[in-house]
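**Q** To start, I am sharing the structure in question, which I have written as structure tokens.
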Amino acid sequence: MTDRDLTTSDLPPPIPAATVVLVRDAGDAAQLETLMLRRNAELTFGGMWVFPGGRIEPDDGEGEAGARRAAAREAAEETGLVIDSELLVPFAHWTPPPIAPKRFATWFFLAPAPAGIVSIDGGEIHDHVWVSPNGALERHGAGEIDLAPPTWVTLHQLAESANVAAALQRAATGTVEYFSTRIAKGEDGELVAVWHGDAAYEGGDLMAAGGRHRLAMIEGGWRYERLSSHPLGGSPTG
């Protein structure tokens with residue numbers, strides 16, 4: 001089944017949520033690293049490696065302000081790190097496809113990691129690691145870790161920044177990008193996530209002429225492609 005078999009009117013609205021991508025410069029080369037957590041295998045998104053975050057509670061408020069408070073609160077609960085919500089830079093908002101088993105509409109924020117030692121509870125979160133974006137993507141490609149598409153794409157984007165300052169500048173000077181995921185099936189049966197700007201976004205035809213904005217979830221290495229429909233508009237990436 002792809003999400004062409006369902007419509008959003010068939011489903012309850014997604015649960016509002018927020019996540020924060022914490023970054024630091026590590027080592028003599030000041031290489032950018034991000035904090036990733038492995039969720040309890042028995043919970044939603046079980047066993048996946050994720051960024052700190054969770055649902056927005058009523059006490060957090062609504063909109064971006066509520067999302068900021070939720071992201072900081074969840075980070076403190078899951079990692080023991082105290083985050084100043086005012087330092088969070090919003091850069092993306094993700095809505096999952098209708099076929100997702102549990103749907104969270106999630107704000108993504110970027111923030112410099114505060115000083116302190118990461119402390120996980122061993123309940124909801126079973127492990128943590130500071131890792132470079134490329135390192136996480138390589139481990140995923142080797143089948144060592146599981147990632148959701150929003151996490152994979154975020155790591156792919158982070159890998160383009162050499163350090164924390166560059167990543168924060170890029171997020172602060174850009175606009176919040178909204179991703180509403182749709183799923184199509186490739187010729188070999190692989191699932192392909194498609195987003196705004198892709199020729200397949202409306203009709204599901206992956207061979208349609210036009211722009212490309214998709215993630216092919218191919219065994220052995222996912223491939224991200226973003227290409228303007230204009231012949232001089234860009235080139236595939238990933």
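The values are calculated or read from the model by the stated rules, or taken from the named source; none is laboratory data. Remember, it's a predicted structure, so these values are computed and weren't measured experimentally. Because the Cβ atoms are built from the backbone with ideal geometry, glycine has one as well, and the counts that use them run over all protein chains shown. Surface areas here come from the heavy atoms of the whole protein model, side chains and all, with no ligands, DNA or RNA. Shrake-Rupley method; radii C 1.70, N 1.55, O 1.52, S 1.80 Å.
Yes/no matrix, rows are residues, columns are (1) at negative phi; (2) among the hydroxyl-bearing types (Ser, Thr, Tyr); (3) in contact with a helix residue (DSSP H, G or I) (Cβ under 9 Å, 6 or more places away or on another chain):
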{"residue": "Asp59", "(1), (2), (3)": "yes, no, yes"}
{"residue": "Gly63", "(1), (2), (3)": "no, no, no"}
{"residue": "Arg68", "(1), (2), (3)": "yes, no, yes"}
{"residue": "Ala72", "(1), (2), (3)": "yes, no, yes"}
{"residue": "Thr79", "(1), (2), (3)": "yes, yes, no"}
{"residue": "Ala92", "(1), (2), (3)": "yes, no, yes"}
{"residue": "Ala100", "(1), (2), (3)": "yes, no, yes"}
{"residue": "Leu110", "(1), (2), (3)": "yes, no, yes"}
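**Q** For the structure I just gave you, tell me whether Ala136 is surrounded by 20 or more Cβ atoms within 10 Å (Cβ to Cβ), under 23 Å from Gly220 (Cα atoms) and either touching a His at 6+ places or on another chain (Cβ under 7 Å) or in contact (Cβ under 8 Å) with a residue 60 or more places away in the chain (or both).
**A** Numbers: surrounded by 20 or more Cβ atoms within 10 Å (Cβ to Cβ): yes; under 23 Å from Gly220 (Cα atoms): yes; either touching a His at 6+ places or on another chain (Cβ under 7 Å) or in contact (Cβ under 8 Å) with a residue 60 or more places away in the chain (or both): yes.
Against the criterion (surrounded by 20 or more Cβ atoms within 10 Å (Cβ to Cβ), under 23 Å from Gly220 (Cα atoms) and either touching a His at 6+ places or on another chain (Cβ under 7 Å) or in contact (Cβ under 8 Å) with a residue 60 or more places away in the chain (or both)), Ala136 qualifies.
**Q** Go through region 155-172 and give me each residue that's touching a Leu at 6+ places or on another chain (Cβ under 9 Å) and either buried (at least 18 other Cβ atoms within 10 Å of the Cβ) or in a loop (DSSP other than H, G, I, E, B) (or both).
**A** Selection gives Leu155, His156, Leu158, Ala159, Ser161, Ala162, Asn163, Val164, Ala167, Leu168, Ala171.
**Q** Ok, one more. Determine the pairs where a residue that is acidic (Asp, Glu), located within region 55-71, has a partner that is open to solvent by 30 Å² or more (accessible area, probe 1.4 Å) with Cβ atoms under 6 Å apart, the partner being 6 or more residues away or on another chain.
**A** Correct list of pairs: Asp60/Arg69.
**Q** Go through (1) out of contact with any strand residue (DSSP E or B) (no Cβ under 8 Å at 6 or more places or on another chain); (2) in contact (Cβ under 8 Å) with a residue 60 or more places away in the chain one by one and return the number of the condition Asp188 breaks.
**A** (2)
**Q** Do you know which of the residues in region 1-28 that are modelled with pLDDT of 80 or more and more than 22 Å from Pro114 (Cβ to Cβ) is surrounded by the fewest Cβ atoms within 10 Å (Cβ to Cβ)?
**A** Taking region 1-28 first, the residues modelled with pLDDT of 80 or more are 12-26.
With the extra rule that they be more than 22 Å from Pro114 (Cβ to Cβ), the set shrinks to 12-16.
Details: Pro12: 7, Pro13: 9, Pro14: 18, Ile15: 13, Pro16: 18.
Checking each candidate, the answer is Pro12.
**Q** Of the conditions (1) touching a residue at least 24 places away in the same chain (Cβ under 8 Å); (2) touching a strand residue (DSSP E or B) at 6+ places or on another chain (Cβ under 9 Å); (3) part of a loop (DSSP other than H, G, I, E, B); (4) not charged (D, E, K, R), Thr175 clears all except one; give me its number.
**A** Thr175 satisfies all of (1) touching a residue at least 24 places away in the same chain (Cβ under 8 Å); (2) touching a strand residue (DSSP E or B) at 6+ places or on another chain (Cβ under 9 Å); (3) part of a loop (DSSP other than H, G, I, E, B); (4) not charged (D, E, K, R) except (1).
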